[in-house]
């Protein structure tokens, strides 16, 4: 199901067919490589909340990725680009999933949770880091 969704996004991008706000966001990022959310807000009538939600969902899918940072009006913004290579999209989605899990574990570590669960989370974190390091070796 997920690959069907990704293929539909890519097809809509290629044909220029925009059926929703997410498609509009993808097209703007694709046509304006390294665009920031600040610039997206200036170019559309899409609300900030809808933009951030669309970007987050697209990052979860692996379709877009952060390619840099910039400062505009003394605020830091990420720059985004669209990925069209299916292998890169799969890799980005997997990395995003790992980042979210690690962030959740980091936040959960601040809570008062049972020792056994805390240890399971720490072991899982170590496993994720080891997998990432193995990937970097190739």
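The values are calculated or read from the model by the stated rules, or taken from the named source; none is laboratory data. From a predicted model like this one, the values you see are computed outputs, not experimental measurements. Cβ coordinates were reconstructed from backbone atoms using ideal geometry, including for glycine residues, and neighbour counts include every protein chain displayed.
Numbers below:
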read-out	value
All positions within the stretch 62-94 that are free of Cβ contacts under 8 Å to residues at least 12 places away in the same chain and over 22 Å from residue 40 (Cα atoms)	85, 87
Among the residues listed as 36, 22, 52, 44, the single one being at pLDDT 80 or above and touching a strand residue (DSSP E or B) at 6+ places or on another chain (Cβ under 6 Å)	36
Criterion (at pLDDT below 95 and under 23 Å from residue 6 (Cβ atoms)) met by exactly one of 31, 73	31
Selection within the stretch 41-69 - within 16 Å of the chain's Cα centre (by Cα) and over 20 Å from residue 94 (Cβ atoms)	49, 50, 51, 52, 53, 54, 68, 69
Meets criteria (in contact with a strand residue (DSSP E or B) (Cβ under 7 Å, 6 or more places away or on another chain), surrounded by 13 or more Cβ atoms within 10 Å (Cβ to Cβ) and farther than 20 Å from residue 27 by Cβ) for residue 70	yes
Odd one out for residue 102 among (1) modelled with pLDDT of 90 or more; (2) in contact with a helix residue (DSSP H, G or I) (Cβ under 9 Å, 6 or more places away or on another chain); (3) assigned to a helix (DSSP H, G or I)	(1)
Residue in the stretch 113-133 that is closer than 30 Å to residue 4 by Cβ, touching a residue at least 12 places away in the same chain (Cβ under 8 Å) and assigned to a strand (DSSP E or B) present	no
Sole residue being surrounded by 14 or more Cβ atoms within 10 Å (Cβ to Cβ), closer than 15 Å to residue 57 by Cα and in contact with a helix residue (DSSP H, G or I) (Cβ under 7 Å, 6 or more places away or on another chain), chosen from 37, 18, 29	37
